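All of the numbers you see were taken from the coordinates with simple rules; none came from a lab. These numbers come from a predicted model, not from an experiment. Virtual Cβ from ideal backbone geometry, glycine too; neighbours counted across all protein chains shown.
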């Protein structure tokens, strides 16, 4: 068996593991190895929504602070790399046709302001007395554009978001949000990490050895042979395989996985502007059917659900320089302990999703008959009960977690990697570190606290 010695070994080359390696080597961790059994950025990180936001619910500012730190670093990388990973700050737009939802939007925006997300600006009309609404940059980012804009003037909504339904009562435009290329970001960070000395090893983690109770060595199976890597620091960043990999390291982590599927289709009619933000419908949706279609669907137990209200949250955005749009809706997410591939999805999902989006963007209904063949893919979000990541030491000394990033790994992993490196190297920690420490789930008081969480922050 081949033997090698490393100061730290990271298992998993998705965005979490790559970011952890990048942070470790930049912080002077010494010799670092990255273990991946398949291709880097090839699993959940390859199925990303590819968005980022600093707009987060409570119950405190921990998530807002973590992601804001990450956005700061991503903006620095944007300038250093010449925007290689195509970061564009177009915002998130939450839209509603319900007057009652306007007050909810305002409360969320004020809470975001309290958490450091920037001020709320209300635009009730186009009067010159009103603070002017600024459009987002079509490319790159504007470091001065922060906070939220609540627009209740229908003329202003129609001017800036003409594709939205005519009965839209309000939009909340969260500004320090946008899109990026997950693949390009991940590969850029991996190239930089390898340039700084990180070694990428293709192999499967088999288990760990301890000495005096602490991590001492790892067993890795490569295509040629089994090898032993000696190390004092093992980082588990295994995406949807976090629970099973942690079990090999002797730890039971409180995580589940949840399938998420998206579709992409060609918007050949240009219904959604190519520089549009991510748009989210805040209202429940009843899918529009003809009377005959509704009767047929309601008559079958398998399809009756298609005639019933669907939850709020259908969302979509343009992607790339062509005519593709991504559409998403997490209306049916069954959690499980381990992922199963290939991922299964509701056979009606593409049509449900398109019909749901057509409530918010009526022009999309032009694609319903006949519906073009969409591209469907998806991955598994790895989640904790509080929908916050696990970043920090585990029970066995020398073992660390850097995972359970749910659906926000692309936007949070950079700062998460820096937090992980601080734990590994015994450096000072930011104020939000405790909120993501795995040991929080050992605290009965915290368990009671999270049982009262009202919002997961998931879109």
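Relative to the dominant Cα principal axis of the chain, helix 409-425 is inclined by about 30°.
Please report the base-10 log of the normalised intensity I(q)/I(0) for the chain, using a Debye sum with one equal scatterer per alpha carbon and no solvent, at each q in 0.06, 0.08, 0.11 (1/Å). With one equal scatterer per Cα and no solvent, log10 I(q)/I(0) is -0.27, -0.48, -0.89. For region 202-245, the direction-averaged projected area of the alpha-carbon convex hull comes to 3.4 nm².
Using only the alpha-carbon atoms of region 313-363 as identical scatterers, what base-10 log of I(q)/I(0) does the Debye formula give at q = 0.15, 0.17, 0.19, 0.29 Å⁻¹? Rounded to two decimals, the profile gives -0.53, -0.65, -0.77, -1.17. Here region 260-311 and region 97-163 have alpha carbon centers that stand 26 Å from each other.
Pairs of Cα atoms nearer than 8 Å and 6+ residues apart set the relative contact order; for the chain it is 22 percent. Fraction of C-alpha pairs exceeding 22 angstrom in region 258-394: 45 percent, rounded to a whole number. Does region 28-140 come out rounded, prolate or oblate, given a ≥ b ≥ c as the square roots of the eigenvalues of its C-alpha gyration tensor, rounded meaning a/c under 1.5 and, failing that, prolate meaning a/b above b/c? Note, shape of region 28-140 comes out prolate. As a proxy for reagent exposure, 333, 238, 21 were ordered by neighbouring Cβ count within 10 angstrom, fewest first; the result is 333, 238, 21. Between the Cα long axis of helix 349-360 and the first principal axis of the chain there is an angle of about 50°, rounded to the nearest 10.
Past the 13 angstrom mark, what percentage of all C-alpha to C-alpha distances in region 65-111 do you count? When every Cα pair of region 65-111 is considered, 69 percent fall beyond 13 Å.
Shape class for region 1-55: oblate, because the ratio a/c of the largest to smallest gyration tensor axis (alpha-carbon atoms, square roots of eigenvalues) is 1.5 or more and b/c is at least a/b. The distance from the alpha carbon centre of region 409-427 to that of region 30-53 is 15 Å, rounded to a whole number. Global dimensions of region 78-207 from alpha-carbon coordinates: Rg and Dmax equal 19.8, 66 Å.
Taking Cα atoms only, the orientation of helix 182-195 departs from the longest principal axis of the chain by about 20 degrees. Most simply put, the chain has about 65% antiparallel DSSP beta bridges, counting only bridges with both residues inside it. For region 178-225, the alpha-carbon coordinates run over 46, 28, 21 Å along the three principal axes, in decreasing order. Over region 329-406, the fraction of Cα-Cα pairs per 10 Å bin, rounded to whole percents and listed from the shortest bin up, is 14, 33, 26, 17, 8, 3. Histogrammed with a bin width of 10 Å, the alpha carbon distances of region 387-431 distribute as 28, 55, 17 percent, first bin at zero. If every alpha-carbon in region 25-88 counts as one equal scatterer, what log10 I(q)/I(0) does Debye give at q = 0.11, 0.21 1/Å? The Cα Debye sum returns log10 ratios of -0.41, -1.15. Averaging over all projection directions, the Cα-based convex hull of region 134-222 occupies 11.8 nm² in the image plane. Calculated mean residue ellipticity at 222 nm for the chain: -8000 deg cm²/dmol, from DSSP H runs with n ≥ 4 weighted as -39500 (n - 2.57), summed, divided by the residue count and rounded to 500. Counting neighbouring Cβ atoms within 10 Å and putting the fewest first, the residues 414, 133 line up as 133, 414. The ranking of 260, 88 from fewest to most other beta carbons within 10 Å of each one's beta carbon is 88, 260.
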